[in-house]
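Below is one structure, written out as C-alpha coordinates; comments come after it.
The values are calculated or read from the model by the stated rules, or taken from the named source; none is laboratory data. What you see is a predicted model; the values in this text were computed from it and never measured. A quick note on method: Cβ atoms are made from the backbone with ideal geometry, for glycine too, and the neighbour counts reach across all protein chains shown.
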Amino acid sequence: MLTPGQDAPPISLTNQHGETVDLHTYRGRRVLIFFYPKANTPGCTQQACALRDVAGEVGDTAIIGLSPDVPTAQAKFDAKYELGYPLLADTDHAVAEAYGVWQEKKNYGKTYMGILRSAFLIAADGTVEQAWYKISPKDTPVKLLEALGR
(Lines give C-alpha, C1' and ligand atoms only; values in the text may rest on other atoms or scores of the structure.)
Protein backbone atom coordinates (compact mmCIF):
# COMPACT_ATOMS: atom_id res chain seq x y z
CA MET A 1 0.00 0.00 0.00
CA LEU A 2 1.17 3.50 -0.78
CA THR A 3 1.90 5.99 1.96
CA PRO A 4 2.37 9.77 1.91
CA GLY A 5 5.76 10.85 0.62
CA GLN A 6 6.23 7.96 -1.79
CA ASP A 7 6.49 8.59 -5.52
CA ALA A 8 3.15 7.99 -7.20
CA PRO A 9 3.29 5.04 -9.60
CA PRO A 10 3.20 6.15 -13.24
CA ILE A 11 -0.06 6.19 -15.14
CA SER A 12 -0.44 6.15 -18.91
CA LEU A 13 -3.91 4.96 -19.95
CA THR A 14 -6.61 5.63 -22.51
CA ASN A 15 -9.44 7.92 -21.48
CA GLN A 16 -13.10 7.91 -22.49
CA HIS A 17 -12.25 9.84 -25.68
CA GLY A 18 -9.56 7.41 -26.85
CA GLU A 19 -6.71 9.74 -25.86
CA THR A 20 -3.70 8.70 -23.80
CA VAL A 21 -3.46 10.42 -20.43
CA ASP A 22 -0.13 10.44 -18.57
CA LEU A 23 0.11 11.37 -14.91
CA HIS A 24 3.48 13.09 -15.44
CA THR A 25 1.80 15.76 -17.62
CA TYR A 26 0.08 17.00 -14.45
CA ARG A 27 3.36 17.80 -12.68
CA GLY A 28 3.11 21.20 -11.04
CA ARG A 29 -0.46 20.69 -9.84
CA ARG A 30 -2.26 18.36 -7.49
CA VAL A 31 -4.24 15.43 -8.84
CA LEU A 32 -6.96 13.36 -7.20
CA ILE A 33 -6.93 9.84 -8.61
CA PHE A 34 -9.91 7.74 -7.60
CA PHE A 35 -10.34 4.07 -8.36
CA TYR A 36 -13.87 2.74 -8.73
CA PRO A 37 -15.07 -0.80 -9.49
CA LYS A 38 -17.51 -0.32 -12.38
CA ALA A 39 -19.03 2.56 -14.32
CA ASN A 40 -22.79 3.12 -14.04
CA THR A 41 -23.22 1.20 -10.79
CA PRO A 42 -24.88 2.95 -7.83
CA GLY A 43 -21.83 3.54 -5.60
CA CYS A 44 -19.57 4.50 -8.48
CA THR A 45 -22.17 6.89 -9.86
CA GLN A 46 -22.59 8.51 -6.43
CA GLN A 47 -18.82 8.93 -6.08
CA ALA A 48 -18.23 10.25 -9.60
CA CYS A 49 -21.13 12.71 -9.45
CA ALA A 50 -20.11 13.97 -6.00
CA LEU A 51 -16.63 14.71 -7.34
CA ARG A 52 -18.15 16.43 -10.37
CA ASP A 53 -20.20 18.57 -8.01
CA VAL A 54 -17.14 19.79 -6.05
CA ALA A 55 -14.87 20.24 -9.08
CA GLY A 56 -15.44 24.00 -8.99
CA GLU A 57 -14.16 24.13 -5.40
CA VAL A 58 -10.80 22.39 -5.90
CA GLY A 59 -8.92 25.12 -7.74
CA ASP A 60 -6.43 23.75 -10.26
CA THR A 61 -6.45 20.27 -8.69
CA ALA A 62 -7.22 17.76 -11.43
CA ILE A 63 -9.68 14.90 -10.90
CA ILE A 64 -9.10 11.58 -12.66
CA GLY A 65 -11.15 8.40 -12.34
CA LEU A 66 -9.88 4.88 -13.09
CA SER A 67 -11.70 1.58 -13.44
CA PRO A 68 -11.26 -1.66 -15.36
CA ASP A 69 -14.02 -0.56 -17.78
CA VAL A 70 -13.23 -0.17 -21.49
CA PRO A 71 -13.12 3.38 -22.93
CA THR A 72 -16.56 3.08 -24.56
CA ALA A 73 -18.14 2.23 -21.18
CA GLN A 74 -16.28 5.17 -19.65
CA ALA A 75 -17.57 7.43 -22.44
CA LYS A 76 -21.18 6.39 -21.79
CA PHE A 77 -20.72 6.99 -18.06
CA ASP A 78 -19.23 10.44 -18.69
CA ALA A 79 -21.95 11.40 -21.18
CA LYS A 80 -24.82 10.18 -19.01
CA TYR A 81 -23.69 12.13 -15.93
CA GLU A 82 -21.72 14.96 -17.60
CA LEU A 83 -18.72 14.27 -15.37
CA GLY A 84 -16.28 16.46 -17.29
CA TYR A 85 -13.00 14.91 -16.15
CA PRO A 86 -10.84 12.06 -17.49
CA LEU A 87 -12.02 8.50 -16.88
CA LEU A 88 -9.19 6.09 -17.58
CA ALA A 89 -9.51 2.49 -18.71
CA ASP A 90 -7.26 0.23 -16.63
CA THR A 91 -8.49 -2.91 -18.41
CA ASP A 92 -5.50 -5.05 -17.43
CA HIS A 93 -5.58 -3.58 -13.89
CA ALA A 94 -1.81 -2.93 -13.97
CA VAL A 95 -2.20 0.57 -12.51
CA ALA A 96 -4.64 -0.69 -9.87
CA GLU A 97 -2.05 -3.30 -8.89
CA ALA A 98 0.69 -0.64 -8.68
CA TYR A 99 -1.50 1.43 -6.35
CA GLY A 100 -2.42 -1.63 -4.25
CA VAL A 101 -6.14 -1.48 -5.00
CA TRP A 102 -6.53 -4.67 -7.08
CA GLN A 103 -7.49 -7.05 -4.30
CA GLU A 104 -9.38 -10.19 -3.48
CA LYS A 105 -13.01 -9.46 -2.70
CA LYS A 106 -15.94 -11.55 -1.50
CA ASN A 107 -19.57 -11.08 -2.42
CA TYR A 108 -22.45 -13.49 -1.86
CA GLY A 109 -20.02 -16.29 -1.04
CA LYS A 110 -17.94 -15.82 -4.18
CA THR A 111 -14.30 -14.78 -4.14
CA TYR A 112 -12.93 -12.72 -7.01
CA MET A 113 -10.35 -10.05 -7.80
CA GLY A 114 -11.52 -6.46 -8.14
CA ILE A 115 -11.01 -2.81 -7.34
CA LEU A 116 -10.90 -1.70 -3.71
CA ARG A 117 -12.55 1.72 -3.93
CA SER A 118 -9.71 4.10 -3.06
CA ALA A 119 -8.50 7.62 -3.72
CA PHE A 120 -5.09 9.28 -3.78
CA LEU A 121 -4.16 12.92 -3.69
CA ILE A 122 -0.95 13.33 -5.66
CA ALA A 123 1.15 16.40 -4.80
CA ALA A 124 2.48 18.81 -7.42
CA ASP A 125 5.90 17.11 -7.20
CA GLY A 126 4.43 13.69 -8.11
CA THR A 127 4.49 12.18 -4.62
CA VAL A 128 1.55 10.73 -2.74
CA GLU A 129 0.13 13.41 -0.47
CA GLN A 130 -2.82 11.40 0.85
CA ALA A 131 -3.89 7.77 0.39
CA TRP A 132 -7.44 6.74 1.26
CA TYR A 133 -7.92 3.00 0.88
CA LYS A 134 -11.43 1.55 1.11
CA ILE A 135 -13.04 4.99 0.97
CA SER A 136 -16.80 5.35 0.73
CA PRO A 137 -18.35 7.13 -2.26
CA LYS A 138 -19.72 9.95 -0.10
CA ASP A 139 -16.42 10.46 1.75
CA THR A 140 -14.30 10.92 -1.38
CA PRO A 141 -15.20 14.58 -2.05
CA VAL A 142 -15.22 15.37 1.69
CA LYS A 143 -11.67 14.03 2.18
CA LEU A 144 -10.48 15.85 -0.94
CA LEU A 145 -11.85 19.19 0.21
CA GLU A 146 -10.43 18.69 3.72
CA ALA A 147 -6.98 17.87 2.30
CA LEU A 148 -7.11 21.01 0.16
CA GLY A 149 -8.08 23.13 3.18
CA ARG A 150 -11.50 23.97 1.84
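For LEU13, the requirement of being crowded, with 18+ Cβ neighbours inside 10 Å, farther than 19 Å from LEU144 by Cβ and either among the β-branched types (Val, Ile, Thr) or touching a helix residue (DSSP H, G or I) at 6+ places or on another chain (Cβ under 8 Å) (or both) is met. Inspection of segment 56-66 identifies no residue that is among the small types (Gly, Ala, Ser), out of contact with any Phe, Trp or Tyr (no Cβ under 9 Å at 6 or more places or on another chain) and over 26 Å from LEU148 (Cα atoms).
Among the residues of segment 60-82, those identified as under 16 Å from HIS93 (Cα atoms) and small (Gly, Ala, Ser) are GLY65, SER67, ALA73. Among the residues making up segment 40-73, a single one is under 12 Å from the mean Cα position of the chain (by Cα) and either assigned to a loop (DSSP other than H, G, I, E, B) or surrounded by fewer than 16 Cβ atoms within 10 Å (Cβ to Cβ) (or both): PRO68. Looking at the structure I just gave you, is ALA131 closer than 20 Å to LEU13 by Cβ, outside any strand (DSSP E or B) and either more than 11 Å from the chain's Cα centre (by Cα) or not polar (S, T, N, Q) (or both)? Here the answer is no, as ALA131 does not meet what is asked.
Within segment 107-128, the set of residues being within 17 Å of GLU97 (Cα to Cα) and over 18 Å from the mean Cα position of the chain (by Cα) comprises TYR112 only. Within segment 102-128, the set of residues being farther than 15 Å from ILE63 by Cα, assigned to a strand (DSSP E or B) and not polar (S, T, N, Q) comprises TRP102, GLU104, LYS105, LYS106, LYS110, TYR112, MET113, GLY114, ILE115. Filtering TYR85, TYR81, TYR112, TYR36 for residues that are on the phi < 0 side of the Ramachandran plot, touching a Lys or Arg at 6+ places or on another chain (Cβ under 8 Å), hydroxyl-bearing (Ser, Thr, Tyr) and at pLDDT below 95 leaves a single hit, TYR112. Among the residues of segment 11-69, those identified as touching a residue at least 12 places away in the same chain (Cβ under 8 Å) and of a type in the set (Gly, Ala, Ser) are GLY18, GLY28, ALA39, GLY43, ALA48, ALA50, ALA55, GLY59, ALA62, GLY65, SER67.
Reported count of residues in segment 48-64, each being touching an Asp or Glu at 6+ places or on another chain (Cβ under 9 Å) and within 19 Å of ARG27 (Cα to Cα), is 0.
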